[in-house]
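Any read-out appearing in this document is the output of simple, stated calculations on the displayed coordinates, not a laboratory observation. Model, not experiment: these values are computed from the prediction. Counting neighbours? That spans all protein chains shown, and the Cβs are built from the backbone with ideal geometry, glycine included.
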Amino acid sequence: MTGRIPQAFIDEVVGRSDIVEIIGARVPLKKAGREFKACCPFHNEKSPSFWVSPDKQFYHCFGCGVHGTVIGFLMQYEKMEFVDSVADLAQRAGLEMPREALKGSEPSGADLHEVMARMARFFEQNLADQPRAQKYVSARGIDAKTSARFALGYAPDSWDALLNRFGSQPEERPQILQLGMIIERDTRGGERAAGFYDRFRDRLMFPIRDSRGRVIGFGGRVIDQGEPKYLNSPETPLFHKGRELYGLYEARQARADFKRLMIVEGYMDVVRLHQAGITYAVATLGTATTQEHLNKIFRLTSEVVFCFDGDRAGRQAAWRAMENSLPLARDGRELKFMFLPEGHDPDTLVAQEGPEAFENRLGTALPLSEYLIQQLMVDVDLNHVDGRAKLKALAAPLFARMPEGIYREMLADRLAARVGMPAATLKKSFAAGDPQRPPPGRPELPGQRRGRISVGRGNLLTQAITLVLQHPTAAAAVRDPEALENVDRPGVVVLRELISQAAAASNPSTAMLLERWRDLPEYERLAELAMAEPLVAEPEGAAKELQMAVEKLLDEYGPGRRRDELLRKAEELGLNYDEKAELSLLLKSKGRS
């Protein structure tokens, strides 16, 4: 499904969905006061630590830490994509999935998916009719059953085979041009030469499918000699290579759950591994592994194995994958690196030694921690102080990318042992670089750099944010939320946005607010606060507490504080020209208030 879903529609879907009903249909829930509890469906346990709140429309496991809204539950439990989860809930609620207005005559997503499906069938039929292409597939060791499972095809050795089949009429060309399947000819002599030509010619075609099995793009491999060896679809309304993984749909069709997923580098590697029974192999599409790839994988499994060729290019790719993985390295997740003998890739190696021997190599895969330390030590002489200092300097920016937690602490301990310095000293030097500061333009939540927030009366801003999350209707009681713009505190932007979002909604809920922050860095912190011990039991009391908290923030950190500072300085030391002008404005503002 393409196009962005309007936020108002997501709010309505969440508002019409009953999280207890959705989860209760899959997990046996027991009433426990105002909430429901069960043994967690996401990890093995004997005593129930999984709680569902009908008031907040939110679930949380105090054992393994998973949490989320009704949309998040379907994503985690049913392994759905976000859009598919919304579509499923919308259908249950009797709502029709909307589309934002499409520009000009741009075809709809449904039309584009149908066009891609027709082109995939065209390529598949060509493979069946082309002995030369069949011979190549057979020579690569791919059997007919596997070829059919991956819907392999063949793009004819022609400049216009696809064009003639699907773009013979002028009104048809915009679609296949938009999908990147044909290319408009270059401009020559100041004038554009008329016509188009096929992007893929004389190539074995690998359809790329989304989570629902719809073809969204293609990869094409040359049959004989030629460059580039692999050619991918360009970015289109359907296809974004930094988000998609080849073979993921087929992997999910092969098994309902995964112990792990293995990331390899090529289409042919995935196909041959699946044929050998290693159906948990997927591949990136000509890009380094991105955080979006990993987030998609970690919704399915907690273990990722990167499998690379043993040559220089493979090791460079492994290092890039490791760097991109660091922000997602945390407790409960395993990231491993497996290198194959030089001269082999998964395709050739599984053919030579068989699937059992290939899988046995998983025992040699290096955990991310060991791989990182090994690579840092390659050009470092630890026998000298300078070498140890160099190792620490090389490690600092890598640790800066990791989230705080036990995993990072343990990795720092291991590195400290290798460097030969106290772990506390090493950690202190890393912390001095302030690695957890949010990127520019992104508001920092209070307590964000100190690990888990403890919601206490002393932390005024955290208290206010928690009150809005746990009692969204209380936001309507804030008399002048715009005044918070004058408060100079990290995280006040988050509070202001939450109040605005809750006050504008007709029926705000905790789940509705959290869904608006799903893809933002603050989401995990806000989810934690939403499930914290309630500061106030009832909405009426929360409204009073929230208004008092906002007033205190304005009093302690608003313009009045700066005004008082300048008045004191004027009496004691005197003010410069800029400070006098600032004080004058603040005094005028006070007079108007």
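Order by neighbour count: 12, 522, 572, fewest other Cβ atoms within 10 Å first, most last. Numbers along the way, then the final one.
Numbers: 12 18, 522 21, 572 7.
By the 10 Å Cβ count, ascending, the order reads 572, 12, 522.
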- Task: Could you quote the convex hull projected area for region 248-295, Cα atoms only and averaged over all directions, in nm²?
- Result: 3.3 nm²
- Task: Between the alpha-carbon centers of region 481-559 and region 150-166, tell me the distance in whole angstrom.
- Result: 56 Å
- Query: Going by a ≥ b ≥ c, the root eigenvalues of the Cα gyration tensor, does region 312-357 fall in the rounded group (a/c under 1.5), the prolate group (a/b larger than b/c) or the oblate group?
  - Reply: oblate
- Item | Cα centroid of region 7-76 to Cα centroid of region 379-408, whole Å | 41 Å
- antiparallel share of DSSP beta bridges within the chain, to nearest 5, in %, is 75 percent
- Task: Based on other C-beta atoms within 10 Å, arrange 18, 347, 160 from fewest to most.
- Result: 18, 160, 347
- Task: Measure nothing fancy, just the Cα-based angle from helix 460-470's long axis to the longest principal axis of the chain, in degrees from 0 to 90, nearest 10.
- Result: 60 degrees
- Message: Could you give each residue of region 298-309 its phi-based ³J(HN,Hα) in whole Hz, using Karplus coefficients 6.51, -1.76, 1.60 with θ = phi - 60°, and x for Gly or Pro?
- Response: 5, 6, 10, 7, 9, 10, 10, 10, 8, 10, 10, 4
- Task: Rounded to the nearest 10 degrees, what's the angle between the helix 559-572 long axis and the longest principal axis of the chain, both from Cα atoms, 0 to 90?
- Result: 60 degrees
- Message: Classify the chain from the C-alpha gyration tensor, please: rounded if a/c falls under 1.5, else prolate or oblate depending on whether a/b exceeds b/c.
- Response: prolate
- Charge dipole (the chain, unit charges on Cβ, about Cα centre) - positive-most of 301, 395, 137: 395
- Message: Given Cα positions, please report Rg to Rh for region 7-92, the hydrodynamic radius being the Kirkwood one.
- Response: 0.96
- Message: Given contacts defined as C-alpha pairs under 8 Å and at least six residues apart, what's the relative contact order of region 248-373, whole-number percent?
- Response: 27 percent
- Express the relative contact order of region 377-431 as a whole percentage, based on alpha carbon pairs under 8 Å and six or more residues apart in sequence. 30 percent
- Amide H within-cut-off set for residue 303, under 5 Å, with H built and near neighbours excluded: 261, 334
- Task: Determine ³J(HN,Hα), in whole Hz, for all residues of region 115-127 in sequence, where each value follows from phi through the Karplus function 6.51 cos²θ - 1.76 cosθ + 1.60 and θ = phi - 60°; x replaces Gly and Pro.
- Result: 4, 4, 5, 5, 5, 5, 5, 4, 5, 5, 5, 4, 5
- Can you give the charge dipole size of region 7-92 about its Cα centre, rounded to the nearest 20 debye, using +1 on the beta carbon of Lys and Arg and -1 on the beta carbon of Asp and Glu? 440 debye
- R0 of 56 Å, Cβ-Cβ distance residue 128-residue 381: FRET efficiency to nearest 0.05: 0.40
- Item | Nearest-20 debye value, the chain charge dipole, Cβ charges on Lys, Arg, Asp, Glu | 640 debye
- Angle between the Cα long axis of helix 577-592 and the longest principal axis of the chain, 0 to 90 degrees, nearest 10? 70 degrees
- Message: Using helices alone, I'd like the mean residue ellipticity at 222 nm for the chain: each DSSP H run of four-plus residues gives -39500 (n - 2.57), total over residue count, nearest 500.
- Response: -13500 deg cm²/dmol
- Calculate the spin-label point distance for residue 93 paired with residue 16, positioning each point 7 Å from the Cα along the beta-carbon direction, and give it in nanometres. 0.6 nm
- Note on the structure: Karplus ³J(HN,Hα) for region 62-70 (6.51 cos²θ - 1.76 cosθ + 1.60, θ = phi - 60°; Hz, whole; x = Gly/Pro) runs 7, x, 9, x, 5, 7, x, 8, 5
- Message: I need the calculated FRET efficiency for the pair residue 117 and residue 357, taking r as the beta carbon distance and R₀ as 41 Å, to the nearest 0.05.
- Response: 0.60
- Projected label distance in nm at residue 145 and residue 34, using a 7 Å step from Cα toward the beta-carbon: 5.6 nm
- Task: Might you report the magnitude of the Cβ-based charge dipole of region 242-384 about its Cα centre, with Lys and Arg at +1 and Asp and Glu at -1, to the nearest 20 debye?
- Result: 560 debye
- Message: When a/c reaches 1.5 or more, the comparison of a/b and b/c decides; with that in mind, is region 460-557 rounded, prolate or oblate per its Cα gyration tensor?
- Response: rounded
- Message: Need the list of lysines near residue 428 for cross-linking: C-alpha distance under 18 angstrom, and skip anything on the same chain fewer than eight residues off.
- Response: 390, 392
- Percent antiparallel among DSSP beta bridges confined to region 256-404, rounded to 5, stands at 15 percent
- Likely footprinting exposure, 30, 569, fewest C-beta neighbours within 10 Å first: 30, 569
- With an 8 Å cut-off on Cα pairs and a minimum separation of 6 or more residues, tell me the relative contact order of the chain in percent. 9 percent
